[in-house]
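Engineer: Structure provided below as structure tokens; questions to follow.
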Amino acid sequence: MQQLGIVGQSEAMEKAIQSLLQVAPTDLAVLILGPTGTGKEVFANAFHKLSKRSKAPFVSVNCAAIPETLLESELFGYEKGAFTGANERRVGFFESANKGTLFLDEIGEIPLATQVKLLRILETGEYSRLGSSEIHKVDVRIIAATNQNLERDVLHGNFRQDLYYRLNTVKVTLPALKDRIEDIPLLFEHFANLITRTYNFRFEGISPDAVETMQKLNWDGNIRELKNFTDKIVTLEKGKYITLPTLHKYLPPALPTKSTMFDEENFHLMAGQKIDEIRNFETALLLKAMFQLETKIEFLKEQNHKILTELEELKQEYYQSGRSDYFSVQEEKSMPEIIDSFEDLKIENVEYELIKSALKKNNSNRKKAAVELGISLRTLYRKLKQYNLE
């Protein structure tokens, strides 16, 4: 799907891609949900390119960027003299997209009065230009998108229920980047290759520890933020191999969360009064270091909890069975010996033994072993290389 701009192997993305492949050849209306920057327009364009309408126009409209007073005339067009300043007839977006696809981004921003006319054209294909009573017909497939909760807007009376159900024939939800961190390396490489082709130089890659650091960042702007960051660092470094120190040069100073450094009551006041101090170079470096240390500690806590949970499950499975399912009596080390030795092992050694156990249990089937361990297959391959288990 990379030729369509869609990159990802996470479970959530696989589900969205499956919906895309199933629905794209039809004329069903599609509602794409997801936070800002998750690639809703890219998906809408993919729906169009994979449809029978691919040779007809694809028209994208950002409903939030058009003033309410102008939105209706922009969507349906207007006749000369329809209002002050209408010096000539104008074709609307629906007419421009005839036989093709119309993408209505930020659909939740459409005012109620315009929603009525939108519902009519969706149901009958009929509309009239502003300032005219003449009825026109169009054949347009609608794909809508929003980062709002339309069901809540319906309950509050801000969005028509009948229009919501008409748009929500097929719903596709795109996850935030923080919910698909296993896709970050793939996305980074994809964007890096695009930018290097643009400027005609080769991308030499990125180190594993730099990737792990990127996977711990918030990415509130999602894929859009990651793309901008990738374009900047790869361009300024001329495609050179990116290490962790290189990555840190381009990370903005990280301000601590109010839960760790500021009181809820005084947070805004401190942020306003101390802004000059925060901008001081040495202070910014200190804050960034503290944030990164806090992130690493939280990560280690999560890994420790995960390992303890795995150990408990292994113990329960072993003691509940009359015979171990993991090791035969001919093996060098029995399961009780491994379990008893875990208390004195470092995290790396525990992880090493867990991976060995999972591989033996699943007859060296790496995909099943990855599922057993609760990690992605990509992560398992990296661990196998790290511990020389290949």
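Engineer: How do Arg120, Arg197, Arg180 rank when sorted from fewest to most other Cβ atoms within 10 Å of their own Cβ?
Structural biologist: Ordered from fewest to most neighbouring Cβ atoms within 10 Å, Arg120, Arg197, Arg180 come out as Arg197, Arg120, Arg180.
Engineer: Let me ask something else about it. Hey, for a label at Glu11 modelled as a point 7 Å past Cα toward Cβ, could you say which residues of segment 349-382 have their backbone N under 19 Å away?
Structural biologist: Once the point is set 7 Å along Cα→Cβ of Glu11, 366-381 turn out to lie under 19 Å by backbone N, inside segment 349-382.
Engineer: Express in % the proportion of alpha carbon pairs of segment 2-175 at distances exceeding 25 Å.
Structural biologist: Percent of Cα pairs beyond 25 Å in segment 2-175: 32.
Engineer: To continue, here is another question. What is the antiparallel percent of DSSP beta bridges lying wholly in segment 68-165, to the nearest 5?
Structural biologist: 40 percent
Engineer: Grab the beta carbon distance between Glu204 and Leu251, set R0 = 25 Å, and tell me the FRET efficiency rounded to 0.05.
Structural biologist: 0.80
Engineer: Okay, next question. Go ahead and run the numbers for FRET between Asn193 and Val154, Cβ-Cβ distance against an R0 of 35 Å, rounding to 0.05.
Structural biologist: 0.25
Engineer: Still on this structure, please answer the following. What FRET efficiency comes out for Gln22 versus Ile135 if R0 is 51 angstrom and r is the Cβ-Cβ distance? Round to the nearest 0.05.
Structural biologist: That gives a FRET efficiency of 0.90.
Engineer: Label-point separation (nm) for Leu300 and Asn87, each offset 7 Å from Cα along Cα-to-Cβ?
Structural biologist: Taking the simple label geometry, Leu300 and Asn87 are separated by 7.0 nm.
Engineer: Note down, for segment 90-196, the three equivalent ellipsoid semi-axes (square root of 5 times each alpha carbon gyration tensor eigenvalue), biggest first, whole angstrom.
Structural biologist: 33, 20, 11
Engineer: Each label point is 7 Å from the Cα along the Cα-to-Cβ direction; what then is the distance between the points at Glu123 and Met1, in nm?
Structural biologist: Spacing of the two 7 Å Cα→Cβ label points: 3.4 nm.
Engineer: Rounded to whole Hz and in sequence order, give me ³J(HN,Hα) for segment 32-38 from the Karplus expression 6.51 cos²θ - 1.76 cosθ + 1.60, θ = phi - 60°, writing x for Gly and Pro.
Structural biologist: Using θ = phi - 60°, the values come out as 9, 10, x, x, 4, x, 8 Hz.
Engineer: Antiparallel versus total DSSP beta bridges in segment 6-138: what percent is that, nearest 5?
Structural biologist: Of the beta bridges lying entirely in segment 6-138, close to 35 percent run antiparallel.
Engineer: If you don't mind, another one. Based only on other Cβ atoms within 10 Å, what is the fewest-to-most ordering of Val59, Val371?
Structural biologist: Listing Val59, Val371 from fewest to most nearby Cβ atoms yields Val371, Val59.
Engineer: In the structure shown, do any of Lys15/Lys301; Lys171/Lys232; Lys178/Lys356; Lys249/Lys356 have a Cα-Cα gap over 32 Å, and if so which?
Structural biologist: Lys171/Lys232; Lys249/Lys356
Engineer: What is the distance, in nm, between label points placed 7 Å from the Cα along the Cα-to-Cβ direction at Asp162 and at Thr235?
Structural biologist: Distance between the two pseudo-spin positions: 4.9 nm.
Engineer: In addition: Counting other beta carbons within 10 Å of each Cβ, put Asp209, Asp105 in order, fewest first.
Structural biologist: By the 10 Å Cβ count, ascending: Asp209, Asp105.
Engineer: From the P(r) of segment 166-240, could you give the percentage of C-alpha pairs in the tail past 18 Å?
Structural biologist: Tail fraction, whole percent: 43.
All of the numbers you see were taken from the coordinates with simple rules; none came from a lab. Computed from a prediction, not measured in an experiment: that's the story for all the values here. As a convention, Cβ positions derive from the backbone with ideal geometry for all residues, glycine included, and neighbour counts pool all protein chains shown.
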